[in-house]
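> My structure is below; once you've seen it, I'll send some questions.
The values are calculated or read from the model by the stated rules, or taken from the named source; none is laboratory data. Because the structure is a prediction, the values reported are computed rather than measured. Here the Cβ positions follow ideal geometry from the backbone for every residue, glycine too, while neighbour counts run over all protein chains shown.
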């Protein structure tokens, strides 16, 4: 049997037990280079987890020490999703980077984030001196639009399954309780409000780090291009990559969609690792 | 709350699970083994529903173990190209479940296990129900009774029936319909879903599922069915399966129950449905598996 070295674990950070999975590098490289993966948040995390695991394994095979983790209230970590705030999730990224640096004894750290995890990774990277580069897969760059899209999906689902249909998706924001239910996840109202008010570019602290911005899906993304230009104007090297792929973090109504194929994103993984290989100066990624 | 990750092997694969142990364990010690729902969710379950339930179980004195089958979640392996939606081969099901039950019983020091699964996880749990004599019950959520394509799933196109009835009384909307300005794709899809729903009510329950259910009951294992009242499989259960179960009940005592969660769909994504689901399950477990006395662990 092959030696399997993936290591699930819990670590303590800011009063919570957070879950992580460590993927040791399959090639010994000096200096030791690490990657922290920031998953999507909410319902998008459920559907995209297979791709994140695939990427972690490929990155480890390429020579990176890799750490996937769950924010508090998410995945396997402690806490209730409805209690978590955006600031806490940002802080959890810091906690994960610190724990990973210590646990894996890495010399350099990069980050990769998907969707809102990409937003969180971008913001955290600008505040964490240890982070040297960041990859953003279809990051949420206009959070109030992201919230609006979730509200629309929840509005449709709500009207489908209840006998008391709503007339407008914004009624979801004023239903009883301290949370807003969005596709099975109860988001704290303060978190939804914070997201709605968030201006990602203004929130970037000081100088950022080299970034790869990946637009996923068909066509071009004005927002991803705008982020690249904004970062370049600040003197931050950034590249834009457009990968034509099916959206793998949301449910699709297409009956012909092959769910098994959706769980593997070979082109995305390949192109991302090629950039990381050059950025982290790893021996060539095949 | 004590939770720890556990890795174990089945064949050539390393599998990952999370063990939940109660702070105050009931006597005797028993556990619930979770079967993940399938390709669209890992051992945390959709919207972390498995995590919440496992923690509720631990608070009530039960052990719980959630794990991923090979090729799912964080476990090693790849799903075969021929993988039918959320259904593993009998050989894999048997081997993996045996390993999971052995690991769970050893790590949690338990001798009695209840299987739990949602949708594809319910199918897998049912298929594996006979692998180990320590399995005394099954909790099956949204158990698919036929292939998903045979079911009339509600579609967003069916949403606004009242709205469309209102529009039918207004000439301006008829004008749009007759002058090719309406969305005909929408009407086509809505009609198709309506027809398919009617056809589904006449669909037969998968004979393999029915057979496994009857064998489970004959073995003396307890069964709890949980369905959302909006789950198309619930209709199939009422029409196709319940009469068979009733006939069995006449010949020998069998232990099964069915609980319906109001305003809940197939995967119970609604927060209120999840809370209700946890209540129903804990109540059933308390009734079927009475504890002698809670004992403090350690």
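> Output the residues belonging to the range A:97-108 that are in contact with a strand residue (DSSP E or B) (Cβ under 8 Å, 6 or more places away or on another chain) and either within 15 Å of residue A:122 (Cβ to Cβ) or not in a helix (DSSP H, G or I) (or both).
Of everything in the range A:97-108, those that are in contact with a strand residue (DSSP E or B) (Cβ under 8 Å, 6 or more places away or on another chain) and either within 15 Å of residue A:122 (Cβ to Cβ) or not in a helix (DSSP H, G or I) (or both) turn out to be A:97, A:106, A:107, A:108.
> Confirm whether residue A:181 is assigned to a strand (DSSP E or B) and without any contact (Cβ under 8 Å) to a residue 40 or more places away in the chain.
Considered against the rule, which asks whether it is assigned to a strand (DSSP E or B) and without any contact (Cβ under 8 Å) to a residue 40 or more places away in the chain, residue A:181 comes out as yes.
> In addition: From A:224, A:186, grab the single residue that is under 19 Å from residue A:115 (Cα atoms) and out of contact with any helix residue (DSSP H, G or I) (no Cβ under 9 Å at 6 or more places or on another chain).
Numbers: A:186 fails: out of contact with any helix residue (DSSP H, G or I) (no Cβ under 9 Å at 6 or more places or on another chain).
A:224 is the lone residue from the list that is under 19 Å from residue A:115 (Cα atoms) and out of contact with any helix residue (DSSP H, G or I) (no Cβ under 9 Å at 6 or more places or on another chain).
> If the Cβ limit is 7 Å and pairs must be 6+ apart or interchain, which residue in the range B:229-241 that is within 14 Å of another protein chain (Cβ to nearest Cβ) pairs with which residue that is surrounded by fewer than 19 Cβ atoms within 10 Å (Cβ to Cβ) and at pLDDT 90 or above?
Once the first residue is within 14 Å of another protein chain (Cβ to nearest Cβ) and sits in the range B:229-241, its partners that are surrounded by fewer than 19 Cβ atoms within 10 Å (Cβ to Cβ) and at pLDDT 90 or above give B:229/B:260; B:234/B:260.
Yes/no per residue for (1) assigned to a helix (DSSP H, G or I); (2) out of contact with any strand residue (DSSP E or B) (no Cβ under 9 Å at 6 or more places or on another chain); (3) more than 26 Å from residue A:163 (Cα to Cα); (4) modelled with pLDDT under 65:
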site: B:117; (1), (2), (3), (4): no, no, yes, no
site: B:152; (1), (2), (3), (4): no, yes, no, yes
site: B:181; (1), (2), (3), (4): no, yes, yes, no
site: B:191; (1), (2), (3), (4): yes, yes, no, yes
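> Scan the range B:31-55 residue by residue and report those that are at negative phi, modelled with pLDDT of 90 or more and touching a strand residue (DSSP E or B) at 6+ places or on another chain (Cβ under 7 Å).
Those that are at negative phi, modelled with pLDDT of 90 or more and touching a strand residue (DSSP E or B) at 6+ places or on another chain (Cβ under 7 Å): B:31, B:32, B:33, B:34, B:35, B:43, B:50, B:54, B:55.
> Moving on to the next point. Within the range A:1-56, count every residue that is surrounded by fewer than 19 Cβ atoms within 10 Å (Cβ to Cβ), more than 10 Å from chain B (Cβ to nearest Cβ) and touching a strand residue (DSSP E or B) at 6+ places or on another chain (Cβ under 7 Å).
Residues meeting the conditions: 3.
> Here's something else I'd like to know. Quick check on this structure: which one of B:213, B:241, B:245 is under 26 Å from residue B:32 (Cβ atoms) and at pLDDT 90 or above?
None of the other options fit; the residue is B:213.
Conditions tested, residue by residue: (1) over 19 Å from residue A:263 (Cα atoms); (2) in a loop (DSSP other than H, G, I, E, B); (3) without any contact (Cβ under 8 Å) to a residue 60 or more places away in the chain; (4) at the interface with chain A (Cβ under 9 Å from one of its Cβ atoms).
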residue	(1), (2), (3), (4)
B:15	no, no, no, no
B:72	no, yes, yes, yes
B:77	no, yes, no, no
B:81	no, yes, yes, yes
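> Tally up the residues in the range A:57-94 that are surrounded by fewer than 21 Cβ atoms within 10 Å (Cβ to Cβ) and within 15 Å of residue A:9 (Cα to Cα), please.
1
> With B:225, B:233, B:268 as the choices, which residue is in a helix (DSSP H, G or I) and either at pLDDT 85 or above or under 30 Å from residue B:2 (Cβ atoms) (or both)?
Values: B:225 fails: in a helix (DSSP H, G or I); B:268 fails: in a helix (DSSP H, G or I).
Testing whether each residue is in a helix (DSSP H, G or I) and either at pLDDT 85 or above or under 30 Å from residue B:2 (Cβ atoms) (or both) leaves just B:233.
> Hey, another quick one. So which of A:140, A:147 is within 30 Å of residue A:66 (Cβ to Cβ), within 17 Å of the chain's Cα centre (by Cα) and away from chain B (no Cβ under 14 Å)?
A:140
> Touching a residue at least 24 places away in the same chain (Cβ under 8 Å) and either within 14 Å of another protein chain (Cβ to nearest Cβ) or assigned to a strand (DSSP E or B) (or both), is that true of residue A:227?
Here the answer is no, as residue A:227 does not meet what is asked.
> Residues in the range B:2-14: is at least one surrounded by 23 or more Cβ atoms within 10 Å (Cβ to Cβ) and closer than 30 Å to residue A:182 by Cβ?
No: the range B:2-14 contains no residue that is surrounded by 23 or more Cβ atoms within 10 Å (Cβ to Cβ) and closer than 30 Å to residue A:182 by Cβ.
> Still on this model: For the range A:61-73, enumerate the residues that are within 13 Å of another protein chain (Cβ to nearest Cβ) and without any contact (Cβ under 8 Å) to a residue 40 or more places away in the chain.
A:73
> If you go through the range B:93-109 one residue at a time, do you hit one that is away from chain A (no Cβ under 14 Å), over 21 Å from residue A:75 (Cβ atoms) and not in a helix (DSSP H, G or I)?
yes
> Based on what the data block shows, is residue B:52 within 11 Å of chain A (Cβ to nearest Cβ) and within 28 Å of residue A:51 (Cα to Cα)?
Values: within 11 Å of chain A (Cβ to nearest Cβ): yes; within 28 Å of residue A:51 (Cα to Cα): yes.
It is true that residue B:52 is within 11 Å of chain A (Cβ to nearest Cβ) and within 28 Å of residue A:51 (Cα to Cα).
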